[in-house]
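Chemist: For reference, the structure I am asking about is given below.
The values are calculated or read from the model by the stated rules, or taken from the named source; none is laboratory data. These numbers come from a predicted model, not from an experiment. Note: ideal-geometry Cβ built from the backbone for every residue, glycine included; neighbour counts use all protein chains shown. The accessibility values were calculated without ligands, DNA or RNA, using every heavy atom of the protein model including side chains. Shrake-Rupley method; radii C 1.70, N 1.55, O 1.52, S 1.80 Å.
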Amino acid sequence: MSIRIIPQDQLEKSDKNTADKIPPLLFPRLKNLYSRRAARLRDLAAKNPLGDYLRFAAVIAQAQEIVLYDHPLQIDLRARLEQCAEQGIPPLDIHTYPRDAHWQRLLHSLIAELKPEMSGQALAVLENLEKASATELETLATALLEGNFAQVSNDKSPFIWAALSIYWAQMAALIPGKARAEYGEHRQFCPVCASVPVASVVHMDVGQQGLRYLHCNLCESEWYVVRSKCSNCEQTRDLHYWSLDSEMAAVKAESCGDCGTYLKMFYQEKDPAVEPVADDLASLVLDARMEQEGFARSSLNPFLFPGEG
């Protein structure tokens with residue numbers, strides 16, 4: 001199954017009834033999104049060997065909350081949605097969406113918020129980004145969105161992505177349409193922006209209880225994927241679940257023997273406070289275990305980019 005977003009007025013009544021049984025897509029709820037993430041990062045940092053970096057990420061997330069509300073986005077996406085619905089592509093596809101200067105305004109505002117909180121190398125990176133030309137920033141953004149992570153230094157990537165994420169999350173929250181589940185492939189990519197997930201969450205909310213949703217690492221949307229299939233290749237034959245604590249752990253990794261990848265799963269019923277970005281970053285010891293077992297991540301955390309810079 002794949003997920004397609006179509007204009008609301010094009011939904012037939014039967015489609016609405018089907019879609020309402022299991023919501024295939026949850027658009028981002030921006031209210032307090034980043035402040036909740038910041039709070040979770042600070043809580044997890046208290047007893048984590050990576051506490052300093054978790055607190056660093058919390059400072060960025062808190063700044064994202066401020067910038068989000070200081071720079072509201074007003075945009076009419078109806079024409080874009082209709083065009084992409086006809087083509088069967090995500091409306092905010094990172095490979096084709098013509099981003100405008102708004103994301104750079106968000107970046108510069110983010111830099112202004114963060115500079116008083118940073119020192120040393122992090123402050124130097126912010127000052128370097130502040131001096132970069134619009135063309136240079138677009139080049140860095142394109143490299144990140146296209147997955148060419150080695151072209152962007154690791155110390156710049158989290159700041160650039162943080163601004164891009166606010167931009168895409170703002171747009172995703174404004175999409176005037178509804179999702180419909182259809183037969184097809186590419187369920188491993190976000191149906192809103194075509195980015196990859198950071199992790200998956202097994203919900204406990206009414207109407208979504210026990211359902212697994214993949215959380216986008218860019219636009220913050222979530223999309224439904226059944227728990228009996230690999231979230232990367234959709235095979236069902238060789239799935240295994242790993243944890244560092246016990247079978248009842250709130251954090252597990254689902255590995256697939258077919259494609260050799262894994263994705264973390266967070267269970268709200270076992271810990272209602274789990275937050276995909278924060279808990280993924282705080283459980284890197286599980287990533288190390290999975291790599292020892294020969295599996296590769298199928299996901300990407302916005303505070304942890306591969307590559308060399």
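Chemist: Only one of (1) open to solvent by 60 Å² or more (accessible area, probe 1.4 Å); (2) closer than 20 Å to A273 by Cβ; (3) in contact (Cβ under 8 Å) with a residue 12 or more places away in the chain is not met by A46, so which one is it?
Modeler: Here A46 meets the rest and fails (3).
Chemist: Further question: Which of the residues that make up region 107-128 are within 21 Å of L218 (Cα to Cα) and either open to solvent by less than 10 Å² (accessible area, probe 1.4 Å) or not in a helix (DSSP H, G or I) (or both)? Let's see the steps before the verdict.
Modeler: Let us first name the residues in region 107-128 that are within 21 Å of L218 (Cα to Cα), namely 107-111, 113-114, 126.
Result: L107, L110, I111, L114, L126.
Chemist: Can I ask one more? Identify, please: which residue in region 129-146 is polar (S, T, N, Q) and open to solvent by 80 Å² or more (accessible area, probe 1.4 Å) and is, among those, farthest from N301 (Cα to Cα)?
Modeler: Only one residue tops the list, namely T135.
Let's see how each residue does on (1) within 21 Å of the chain's Cα centre (by Cα); (2) of a type in the set (A, V, I, L, M); (3) at pLDDT 95 or above:
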{"position": "R36", "(1), (2), (3)": "yes, no, yes"}
{"position": "A39", "(1), (2), (3)": "yes, yes, yes"}
{"position": "R42", "(1), (2), (3)": "yes, no, yes"}
{"position": "G51", "(1), (2), (3)": "no, no, yes"}
{"position": "A61", "(1), (2), (3)": "yes, yes, yes"}
{"position": "Q64", "(1), (2), (3)": "yes, no, yes"}
{"position": "I75", "(1), (2), (3)": "no, yes, no"}
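Chemist: Just checking, how many residues over region 247-273 are open to solvent by 60 Å² or more (accessible area, probe 1.4 Å) and of a type outside the set (A, V, I, L, M, F, W, C)? Before you say what the answer is, go through the steps one by one.
Modeler: Initially, region 247-273 is screened for residues open to solvent by 60 Å² or more (accessible area, probe 1.4 Å), giving 247-248, 258, 269-270, 272.
Okay, now just the ones that are also of a type outside the set (A, V, I, L, M, F, W, C), so 247, 258, 269-270, 272.
The number of residues fulfilling the criteria is 5.
Chemist: Look at region 225-246 and say how many of its residues are open to solvent by 40 Å² or more (accessible area, probe 1.4 Å) and assigned to a strand (DSSP E or B).
Modeler: Total meeting the criteria: 3.
Chemist: With the condition kept exactly as written, say whether any residue in region 97-106 is among the aromatic types (F, W, Y), in contact (Cβ under 8 Å) with a residue 60 or more places away in the chain and in a loop (DSSP other than H, G, I, E, B).
Modeler: Within region 97-106 (the criterion being among the aromatic types (F, W, Y), in contact (Cβ under 8 Å) with a residue 60 or more places away in the chain and in a loop (DSSP other than H, G, I, E, B)), the answer is yes, since at least one residue qualifies.
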